[in-house]
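Just below is one structure, and these are the notes that go with it.
None of the figures in this text is laboratory data; all of them are computed from the coordinates on show. Source: prediction; values computed, not measured. In this analysis, Cβ positions are derived from the backbone assuming ideal geometry, glycine residues included, and neighbour counts consider all displayed protein chains.
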Amino acid sequence: MRLATWNVNSVKARLPRLLEWLDEAKPDVLCLQEIKSTTALFPAGEVGELGYETAAHGEGRWNGVAILSLVGLENVSRGFPGQPSYEGETVEPALLDEPGLRTPEARAVGANCGGLRVWSLYAPNGRTPESAHYAYKLEWFAALRTALAAELEHEPQLAACGDFNVAPTDDDVWDPKLFIGSTHVTPPERQALADLRALGLQDVVPTPMKGPHPFTYWDYRAGAFAKDQGMRIDLVYATAAVAGRVDGAYVDREARKGKGPSDHAPVVVDLNLS
DNA sequence: ATGCCTTATTTCATAAGA
């Protein structure tokens, strides 16, 4: 089974490249993040022509996740139990009773695909360590840990894939000195990843294909991709039963090149599942 | 040090991303 995860930064803007990539890489299961589309407007018909079933979970302008599968798509979960809503200082108290405002953001969708329990996850950015968004990010990870712990009681083959918005180590950012004081590298964020690994999930580190670091994200600005000034924040966290069946894993940096790319590259994991 | 790009939207300006 070929499993992949890709933050596409708008499925609408990326649709030609998504279809091209599906046709070329032929993942059996693809987790998408930042679809920036409603569930209804996801181009399920277009990917369906390539044989993919779709489980989309979107909200419109921001966020949004999906799973595409050639090998079945069952027990779809939109969001996870206990997933927090953002209730930061930017929400007017008088609006807190508005329907929808406190609905959890579309940051998680799960499904069973060909014997594998798959999650497509888009962690909150956090903005700055002082921000309410940062506290929300840590709450989100804590709730995710609880939800995954419950599933792991009965799902030995599970892969939590997506844009975790945390670089696990200093080797996962192009210049650690420049990230001092920034989100994505703080000890509490890295501890949140360690807490997920403590559930028995293993970080499936991909091969970079070029250069020493398997970065998965490069800023659009300042020629960051050409200078390989990136970060590894798109991760596949797999149970031992899955991680022990990895035949290979790589970052498809070709997908970051050319006209109209996402700022993230896909991570591809080949599994030899029983 | 923001914002050297890019996206979507209550669009010709803003919010957000990481």
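Which residue is surrounded by the most Cβ atoms within 10 Å (Cβ to Cβ), if the candidates are limited to the range A:228-249 and must be away from DNA strand B (no atom under 11 Å from the Cβ) and of a type outside the set (A, V, I, L, M, F, W, C)? Among them, the one singled out is A:Tyr237.
Among the residues of the range A:214-227, those identified as part of a loop (DSSP other than H, G, I, E, B) and either crowded, with 17+ Cβ neighbours inside 10 Å or small (Gly, Ala, Ser) (or both) are A:Pro214, A:Phe215, A:Thr216, A:Ala224, A:Phe225, A:Ala226. Residues in the range A:61-90 that are within 13 Å of DNA strand B (Cβ to nearest atom) and in a loop (DSSP other than H, G, I, E, B) were compared, and the one that is surrounded by the most Cβ atoms within 10 Å (Cβ to Cβ) is A:Gly64.
If you go through the range A:38-60 and keep only what is buried (at least 17 other Cβ atoms within 10 Å of the Cβ) and part of a loop (DSSP other than H, G, I, E, B), you end up with A:Thr39, A:Phe42, A:Pro43, A:Tyr52, A:Gly58. Just checking, which of A:Asp170, A:Asp228, A:Asp234 is of a type in the set (Asp, Glu) and within 18 Å of A:Thr5 (Cα to Cα)? On inspection, the qualifying residue turns out to be A:Asp234. Taking the range A:206-227 as the range and being away from DNA strand B (no atom under 16 Å from the Cβ) and either among the basic types (Lys, Arg) or touching a helix residue (DSSP H, G or I) at 6+ places or on another chain (Cβ under 9 Å) (or both) as the test, the residues that pass are A:Pro208, A:Met209, A:Lys210, A:Gly211, A:Pro212.
The residue of the range A:173-192 that is nearest to DNA strand B (Cβ to nearest atom), among those that are under 17 Å from A:His213 (Cβ atoms) and either touching a helix residue (DSSP H, G or I) at 6+ places or on another chain (Cβ under 7 Å) or not basic (Lys, Arg) (or both), is A:His184. Restricting attention to the range A:5-36, the residues that are surrounded by 24 or more Cβ atoms within 10 Å (Cβ to Cβ) and of a type in the set (Ser, Thr, Tyr) total 1.
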